[in-house]
Structures are given as C-alpha cells and as structure tokens.
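Since the structure comes first, as structure tokens, the remarks are kept for the end.
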Amino acid sequence: MAGDDVSIHGSWASRWVFILAATGSAVGLGSIWKFPYMTGVYGGGAFVVMFLLFIALLGVPVMVAETLIGRRARLSPANALKALAVHTGHGGKWSWAAFAGMVTALLILSFYSVVGGWSLDYILGVGAGNFQGIDGEKAGGYFAAMVDDPWRMILWHSAFMLLSAGVIARGVVAGLERSLRIMMPLLFVLLLILLGYSLTTGHFMDGVRFMFHLDPSRLMDGLLPAMGHAFFSLSVGIGSILIYGAYMPKQTSITGTVMAVALLDTFVSLLAGLALFPIVFAAGLNAGEGPGLMFVTLPLAFGNVAFGQLIGVVFFVLVAVAAWSSAISLLEPMVAYLVERTRFSRLWVTSALAFGCWFVGLGTVFSFNIWKEAKFFVTDGGAFQLYQWGAAGGLDLFGVIDFFTSRIMLPLGALTFVVFASWVMGRDAVRDELAMRNATLFAVTFFLMRYVAPLGILIVFAAQLFK
Ligand code: TRP
C-alpha cells in the first residue's frame, strides 16, 4: 500500500501522461458549455470573479489533496480512504463518504453523456451545411428542434455512452494517450480561431465587459453555483483526480502538475467565454439563455465565416473528444472500485455501470421535451411545493440532478478529501507525499488545505442558507 510504487491497476508511463489525463478530465463540457451558460445566467462578472477565486483558494488545494491521497494509497477512492485511515479506526466512515462521491460521478455522467451527445449531433449538423448563412433565430430553432426530439437525443446519448464505456473497458492508459496528445492542443487552436472571429463582430468589448464587470448586487446569487462549478470544472470532489493520482509515478511533483492542469482548465473556460459572448451580443441573443447558449451561439460563427463548415465540424469533433476524455474519468472511480472488490471483469463492470448511467440519463433527455413541464422545488408566489406539473418556476429533472450533484455533493466531496488529507493523514504524510523543496510554499499549501479550503466551503454553504 502506502509507499509502494505499483498499483493493481497499472501506472502511467510518465508525468506527461498524468497531465494529459488530468487535463483531459478537467477540460470538457464544464469549460466550453457549462461555464459560459452559467456566467450568462448568474450575471457575468460577479460569477466569473467568484469562480476564479474559488478555483485558486478552494479548487487547487482540494485537487492537491485528491492527487496525494490517490498516489499514496494507489487504490480507488473508497478503498484509498479506508486503507489510509486504518490507524485512526475510522476507515469505514471515510470510505462511505468516498463511495457517495463515486455514485455522484455516475449521476453527473448521466447528464454529461446527453450533452456530449448534442455535440455529436452538431458534428453532422454543421457538416451537412445546415448552418450556412444562419441567423440568430434559425440557430435557436435548430437547437430547439434537436432537444424537442427525444429519439434523436437518445440516439446520440447512447452513442456517447458507448464511446466512453469503450475506453474504460479497455483500461484508461491504453486508449487515452495517443488521441489526447493531438486533440487537446488542437482544441486550443480552434478556440483561438473562434476568438479571432468574435474580435470581428464589433462587440468584443461588450463581451469582455460582461465577463469582468463586477456587479456587487449579484455576488450572492452566484456564490454557491460558482463554488460548485469551480469543483466541477477541475473534476474534483468525486475521486476522478484521486484515481488518476493513483496511477501517477512516485517521483512526479504533485503541486506543480496540479497547478498546470488548473491553469489550463481555467484558461480554456475564459477563452470559451470570450469567444462566445461577443457573438451573443452581436446577434442580439440572450446571454441568460441557459444550457442551449453554446449550441445556439456557435452556429452563428460557423455559418458566417470562410471555411465555417469545415472549422465547425472539426470544432464539434474536438468538443466531443474533450467531453469524452472527461466522461471516462467519471466512470473510472467506480469501475476501479468494483474491480478491486468483486470478481467481475472490467468489461462486465463497465457495461453494467454504463447501462445504469444511460438509463438515468433518459431523465435528462426527457427534461427537454416530454417532461418539460415536470417541475420540482417550486416556490411560486412563496408557497413551496416539492413537485408541480406545469409550474412557472422550479427545476426540471435535469436541473434537480445538476443542483444536487454540483452544488451539494461536489462541495461535500471536496470537503471530505481536503479534510482527510490535512487532518486525518496529517502534516507529515502530506509533506512526505508532496516532497516540495521550498518550505514556505509547502506551509502555504498546507495552510490552504487545512484551514482555507474547509472553512471556505462551509462559509459558502452557510451564506447560501442564510441569505
Ligand atoms: N471537469 C469536467 C468538465 O469540466 C467534468 C468532470 C470530469 C467532472 N470528472 C469530474 C466534474 C469529476 C466533477 C467531478 O467537463
């Protein structure tokens, strides 16, 4: 166990593979799809500033904690916490918390796969020339027609789930490296091209102002969403990073590597926002549109630039790949756990879990069409109702799953990991595993893990409850 350099799951060939895999996990729909639409819904600058603050003060320390727990134990999340906590006599309780995280991951995957499916659908849509010369209204109509059709969404949701399960069934290390090495840099280049386009819309500064102008009156609205999304974006809180840490070679510096991944992920989010919002304003679209924002906005860019059809196809392929490399990190923790704990094969475990996620994902599919009117947690006119068909406010089923996972379970999972590392494993173990040369930097890192991150998470929860 601890100190050993071999894991029953195998190990990455080098530090570089860990960076690729962790970046592949972090950079995904969270950065390209969710960050811009949440920024729109929660009022721009106020959300962005809180998000950046939470990434730096809470997200990075949690990510360091997860990585070091994984590398020390070299086991799946639940077994890692159990193994490392054995001497405190609380192994069982800690491993339940990690188990809840692994279940949360599967819930996230259920809707993640549906949206991943949208990008597959759009590859064909752009490729067929549907977006040529399109205007804002038609782009909105295209998206609406897609989400209105449950069969079409189920088809792509199934395809996306199969793709993700396919990699996991073969083992993460095998499939991932070759594709990500080319795709991730290319995604970056295409985002820069899009940014170039939004510079020509004449509304670039409107986009910048929207994203960075801080309206203090909206700070509170976006507080918990920004924290939840900081964790979502970095892939922390459920053990994705922990399990990748378990495959990380011993000599690699954890803090440096984690910083690199966090910076890349944040950079892609900001880039996506800066590329999208100028197009939104130029076309007179609604920034607070919600989950459809990227899928309504980008066709406008691709429909109106030279070679847009080609660039658009490549772009949505890359989005699908980014989503796919994130989706596998949602499935891997539970798969690794069941491979450790049961006699079932990797293939069998993967198939069963993927089917379960696919099934739950139907709830998200139907939230956009036949169950559109099913609303939960309705507070219409003050009277609270758990469920009401056709209510004006409230959350649809997708909204409920998103709320429960991103705003409640991820922060709780993050709290679990960071408290576990800094309080249960303790300073000496953390110092040993991080092996930082600079004592001051270590002191700062440990302080963030031990006090700032846990208190920060609790304060945001409290602020939300009593606002
Ligand atoms: N971070 C990914 C994204 O931004 C999604 C993701 C992968 C994730 N693994 C996770 C989110 C674990 C939360 C927890 O698209």
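Please treat every number below as a calculation from the coordinates, not as lab data. This is a predicted model, so every value here is computed, not measured. Note that each Cβ is placed from the backbone with ideal geometry, even for glycine, and that neighbours are counted across all protein chains shown.
Amide H contacts under 5 Å for H213: G45, restricted to partners 5 or more places along the chain or on a different chain, H placed in the peptide plane at 1.01 Å from N.
Any chance you could give the angle, 0 to 90 degrees and rounded to 10, that helix 60-73 forms with the longest Cα principal axis of the chain? The two axes meet at around 50 degrees. Rounded to the nearest whole Hz, the Karplus-based 3J(HN,Hα) values (6.51 cos²θ - 1.76 cosθ + 1.60, θ = phi - 60°) of region 297-302 follow the sequence 7, 5, x, 4, 5, 5, with x at glycine and proline.
Along region 230-247 the Karplus relation, 6.51 cos²θ - 1.76 cosθ + 1.60 evaluated at θ = phi - 60°, assigns HN-Hα couplings of 4, 5, 4, 5, 7, 6, 9, x, 10, x, 4, 6, 4, 5, 5, x, 5, 9 Hz to successive residues, with x for each Gly and Pro. Look at the dipole of the chain built from charges on Cβ: of S367, W16, A139, the Cα furthest out on the positive end belongs to W16.
My understanding is that a pair violates if its Cα-Cα distance is over 28 Å; which of K34/K250; K34/K467; K34/K82; K34/K93; K138/K372; K34/K372 do that in this structure? Check vs 28 Å cut-off fails for K34/K250; K34/K82; K34/K93. Helix-only arithmetic for the chain: the sum of -39500 (n - 2.57) across DSSP H runs with n ≥ 4, divided by the residue total, places the mean residue ellipticity at 222 nm at -23000 deg cm²/dmol. Seen against the Cα atoms of the chain and their longest principal axis, helix 150-170 is set at about 30 degrees. What is the angle, in °, between the Cα long axis of helix 453-465 and the longest principal axis of the Cα atoms in the chain? Nearest 10 is fine, range 0 to 90. That helix lies at roughly 50 degrees to the long axis. A cut-off of 5 Å between modelled amide H atoms, ignoring neighbours fewer than 5 places along the same chain, links M220 with no other residue. Toward the positive end of the charge dipole of the chain, with +1 on the Cβ of Lys and Arg and -1 on the Cβ of Asp and Glu, the farthest Cα among L58, G40, V460 is that of L58. Between the residues L191, W324, A306, the greatest Cα displacement towards the positive end of the dipole of the chain, with unit charges on the Cβ of Lys, Arg, Asp and Glu, is found for W324. The amide H of A374, built 1.01 Å from its N in the peptide plane, has G390 as neighbours under 5 Å, considering only residues 5 or more places off or on other chains. Before anything else, pin down the relative contact order of the chain: Cα pairs under 8 Å, at least 6 apart, normalised by residue count, whole percent. With pairs under 8 Å counted, the relative contact order is 34 percent.
Taking the convex hull of the alpha carbon positions in the chain and averaging its projected area over all directions gives 21.3 nm².
Remark: relative contact order (region 234-315) = 17 percent; criterion is Cα-Cα distance under 8 angstrom and separation of 6 or more residues.
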